[in-house]
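Single-structure report; data block below.
The values are calculated or read from the model by the stated rules, or taken from the named source; none is laboratory data. Note that this is a predicted model, so its numbers are computed, not measured. Backbone-built Cβ (ideal geometry, glycine too); neighbour counts: all protein chains shown. Remember, those area values only see protein heavy atoms, side chains included, never the ligands or the DNA or RNA. Shrake-Rupley method; radii C 1.70, N 1.55, O 1.52, S 1.80 Å.
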Amino acid sequence: MKATSGSSPADRAGNTIEALRDAAMDCQACPLWEHATQTVFGEGPSRAPVMLVGEQPGDQEDVTGRPFVGPAGQLLTRALTEAGIPRERVYITNAVKHFKFELRGKRRMHKKPVDAEIAACHGWLKREIELVTPRLIVAMGATAVRSVLGRPAPIMASRGKVTEYAPGVSLLITVHPSFLLRVPEQDKDDEYERFLDDLKLARPFLR
């Protein structure tokens, strides 16, 4: 997998997902922890054949401590079901483990992570990949792609194709489910169907 230099808290955390999750709860590698409610770690089978990687927790994820439980998460769960991929069979996580936001009145509005924040969190994702050993990684959105590949890649030009990530591990790039919530109403059905087509490429990896 992608190597990082030196020894990070993730590297010293132990050799189980549970130990990694516990260690991540105290992460202060970037300033995001100061305002977030808690670390939101990945969840799912510790040896899942498919790993889905998103951007960062949102408001509801920050409160509950679970990934993909807000509007985008509900849409993802629906799409996985329609694609024939039970959510309980995949491991779901984010590239960044703390909620980054700005206040607008009393509302906490999502703010995109910068490269330094993605890099600070990369050790946790790297170890998740190493411990879960998925056969397929699904990178959803630009932040996930940036973290998984270590560089930016164009989502629309790269999506819908299964490529090699590492020996024995494939990569599928697609949009983040929140993208589907933001597109104009007249495009929602077409974009959702395209997202479904992408997810269906993951189904053979469950066998």
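Once the 1.4 Å probe is applied to the protein heavy atoms, the chain comes out at 48 Å² accessible per residue. Other residues lying with their Cβ under 14 Å from the Cβ of Gly58 contribute a combined charge of +3, Lys and Arg counting +1, Asp and Glu -1. Applied to the range 147-162, the Karplus parametrisation 6.51 cos²θ - 1.76 cosθ + 1.60 on θ = phi - 60° returns per-residue 3J(HN,Hα) values of 6, 5, 8, x, 7, x, 8, x, 5, 5, 7, 9, 5, x, 10, 8 Hz, with x for Gly and Pro. Placing one equal scatterer on every Cα of the range 11-62 and applying the Debye formula, the log10 ratio I(q)/I(0) at q = 0.14 Å⁻¹ is -0.43.
Overall, the accessible surface of the chain at a probe of 1.4 angstrom is composed of carbon and sulfur to the extent of 52 percent. A simple count of charges around Gly141, restricted to other residues whose Cβ falls under 13 Å of its Cβ and scoring Lys, Arg +1 and Asp, Glu -1, yields +2. Normalising the average separation of contacting C-alpha pairs (under 8 angstrom, six or more residues apart) by the number of residues puts the relative contact order of the chain at 24 percent.
Let's test the formula: R0 of 30 Å, r as the Cβ-Cβ distance of Asp187 and Lys106. What FRET efficiency results, to the nearest 0.05? Here the calculated transfer efficiency is 0.45. Sorting Glu18, Glu102 by solvent-accessible area of protein heavy atoms yields Glu18, Glu102, largest first, with a 1.4 Å probe. Computed from backbone phi, the HN-Hα couplings of the range 114-131 come to 8, 4, 5, 6, 5, 5, 4, 8, 4, x, 5, 5, 4, 5, 4, 4, 5, 7 Hz, rounded to whole numbers (Karplus: 6.51 cos²θ - 1.76 cosθ + 1.60, θ = phi - 60°; Gly and Pro given as x). Taking the Kirkwood radius as Rh and the Cα radius of gyration as Rg, the range 102-151 has a ratio of Rg/Rh equal to 1.09. The charge dipole of the chain, taken about the Cα centre with unit charges on the Cβ atoms of Lys, Arg (+1) and Asp, Glu (-1), comes to about 160 debye, rounded to the nearest 20.
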